[in-house]
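One structure is given below, encoded as structure tokens.
The values are calculated or read from the model by the stated rules, or taken from the named source; none is laboratory data. All values reported here derive from a predicted model rather than from experimental measurement. Every residue, glycine as well, gets a Cβ built from its backbone with ideal geometry; the counts of neighbours run over all protein chains shown. For the accessible areas, the whole protein counts, side chains as well, though only heavy atoms, and no ligand, DNA or RNA atoms are used. Shrake-Rupley method; radii C 1.70, N 1.55, O 1.52, S 1.80 Å.
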Amino acid sequence: MPQQVHVDHALWFTEARFGMFVHWGLYSLAARHEWVKYQEEISNQEYQKYFEHFDPDLYDPREWAAAAKKAGMKYVVLTTKHHDGFCLWDSALTDYKASNTPYGKDLLTPYVEALREAGLKVGFYHSVIDWQHPDFAIDGNHSERNNPAAVELNKTRDGGNYRAYLHGQVRELLTNYGKIDYLFFDFSYPTVDGAASAGTTFPGKGRKDWGSAELLGMIRDLQPGIVVNDRLDVPGDFVTPEQYQPAGAMFSGGKQVPWEACQTLNGSWGYDRDNLDYKSADLLVRMLIDGVSKGGNLLLNVGPTARGEIDSRAHGALDGMGEWMRVHGRSIYGAGAAAAVPPQDGRYTRRGDRLYLHLFAWPFQFVHLPALAGKVRYAQLLNDASEVAMMILGPGQAAGHMTPAGQDAGTLTLKLPVQRPNV
Ligand code: JFZ
């Protein structure tokens, strides 16, 4: 059996397998992608209209927690600050924060309390990129990358000041909100990353800019139990492949580490009103299964509206997953990769001595499992615990109307109902 990889100081993380990502901030008012400031090259001054109209009157993180729980998720990760620099908490280090908008209050304390009340683990996302901070150098990933004055402006920008701001804010986040279980930094681009309109090539940003080693040291001191991702350009506790399903094991700093795929519902992380291209609950369930079968987690994103609500389309996907998770969660929580090779269109997950076979295409009655003959004591459907008949067919022997051609003696055959059972 393959080794199940976990974070030694936080076993809950790989046990949980399924979490909720929440992208929420000023870009939720624009409602057309969280990179809108970059994409449309919106100046700080123009972007200010979202700050002036930020008033999420329907914000109730207990609703978010309830939706996450119902979906079968075990942790939630919220954008404390995204690339636009807007802070959801009442930071002492900036005025660019929720408490200075019409809403006028800190959003983080109620979030943390609601999750704890619901028994969910508490996660923070924090952008190391900051398009608003006056000492963050303009580069190719910056909303002002085409500002003709960029090169001159950068001469006045002091990266040390930004680094101190970053460290100071992380200290606030890990000091003022009790135990924090999870931290997702975003993101580094250490190599040259683009060209200015002036014809100058901007440098990238990485561990030196962030002071990553020192920052991580502080994080471990403040929150010894926390798990931290690897986007500070130094190795982390886990890696975060984004919007793709890895093929198997993943590594950080030469060491195999747990991985967590993050996925959007409709291609945008922030609320994107006119994007109706939602993934179905069925597809999302298959993504979750595929990930767990390869030893990974799924962090599924929602982008609440500017009023603070998870909209009905997102609720639809979450509720659909919840229906499946209610009955099949045993094959997900605490489960991981199995050594056996699954049949076509199938995935195995394993927890202890239990092997779970997930069939993405339902076969006509018989499913043949290579190398499992004599290894399985009992088989049942997961949805209703009804017994599944097992048989070992010799070469050329018929099962029903079917002759399993070339089947070897090691193959175990299961006899399934012709109709796929409903949950
Ligand atoms: C980042 C953000 O830019 C994006 O808005 C969102 O928050 C997402 C979760 O993370 O996007 C990335 C970060 C890293 C990679 C790709 C997109 N990467 O390493 O390939």
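Within the stretch 376-395, the presence of at least one residue that is at pLDDT below 95, in contact with a Gly (Cβ under 9 Å, 6 or more places away or on another chain) and farther than 24 Å from Ala65 by Cβ is confirmed.
Among the residues of the stretch 225-234, just one is more than 14 Å from Phe187 (Cα to Cα) and either open to solvent by 20 Å² or more (accessible area, probe 1.4 Å) or touching a Gly at 6+ places or on another chain (Cβ under 6 Å) (or both), namely Gly225. Against the test of being out of contact with any helix residue (DSSP H, G or I) (no Cβ under 7 Å at 6 or more places or on another chain), surrounded by fewer than 18 Cβ atoms within 10 Å (Cβ to Cβ) and part of a helix (DSSP H, G or I), the options Arg307, Arg313 yield a single qualifying residue, Arg313.
Scan the stretch 177-187 and tell me whether some residue there is within 24 Å of Ser43 (Cα to Cα), out of contact with any helix residue (DSSP H, G or I) (no Cβ under 7 Å at 6 or more places or on another chain) and open to solvent by 30 Å² or more (accessible area, probe 1.4 Å).
Applying the first criterion (within 24 Å of Ser43 (Cα to Cα)) to the stretch 177-187 yields 186-187.
Now drop any that are not out of contact with any helix residue (DSSP H, G or I) (no Cβ under 7 Å at 6 or more places or on another chain), which leaves 186-187.
The next check asks that each one be open to solvent by 30 Å² or more (accessible area, probe 1.4 Å); those that pass are 187.
Checked against the condition, which is being within 24 Å of Ser43 (Cα to Cα), out of contact with any helix residue (DSSP H, G or I) (no Cβ under 7 Å at 6 or more places or on another chain) and open to solvent by 30 Å² or more (accessible area, probe 1.4 Å), the stretch 177-187 yields at least one hit.
Residues that are basic (Lys, Arg), more than 13 Å from the ligand (Cβ to nearest atom) and more than 14 Å from the chain's Cα centre (by Cα) do not occur anywhere in the stretch 198-205.
Cβ-Cβ distances below 6 Å connect the following pairs, each with a first residue in the stretch 314-338 that is touching a residue at least 24 places away in the same chain (Cβ under 8 Å), a second residue that is open to solvent by less than 20 Å² (accessible area, probe 1.4 Å) and part of a strand (DSSP E or B), and a separation of six or more residues or different chains: Ala314/Val302; Ser331/Thr349; Ala335/Thr349; Ala338/Tyr348. Does Ala98 satisfy being among the small types (Gly, Ala, Ser), within 30 Å of Val227 (Cα to Cα), open to solvent by less than 20 Å² (accessible area, probe 1.4 Å) and in contact with a strand residue (DSSP E or B) (Cβ under 6 Å, 6 or more places away or on another chain)? Criteria not met by Ala98.
Tally up the residues in the stretch 132-163 that are out of contact with any helix residue (DSSP H, G or I) (no Cβ under 9 Å at 6 or more places or on another chain) and away from the ligand (no atom under 16 Å from the Cβ), please. Residues flagged as out of contact with any helix residue (DSSP H, G or I) (no Cβ under 9 Å at 6 or more places or on another chain) and away from the ligand (no atom under 16 Å from the Cβ) within the stretch 132-163 amount to 14. Within the stretch 18-39, residues that are of a type in the set (S, T, N, Q) reach no partner that is in a strand (DSSP E or B) and within 11 Å of the ligand (Cβ to nearest atom) with beta carbons closer than 8 Å at six or more positions or on different chains. Restrict the check to the stretch 235-251 and report whether at least one residue is surrounded by fewer than 18 Cβ atoms within 10 Å (Cβ to Cβ) and modelled with pLDDT of 95 or more. Yes. Whether a residue is under 27 Å from the mean Cα position of the chain (by Cα), more than 16 Å from the ligand (Cβ to nearest atom) and not in a loop (DSSP other than H, G, I, E, B) was assessed, and Leu166 passes this test. Give me the pairs, please: first residue somewhere in the stretch 261-273 and within 17 Å of Leu78 (Cα to Cα) and within 12 Å of the ligand (Cβ to nearest atom), second residue anywhere and modelled with pLDDT of 95 or more and among the acidic types (Asp, Glu), beta-carbon distance under 6 Å, and either six or more positions apart or on two chains. What qualifies is Trp269/Glu34; Gly270/Glu34.
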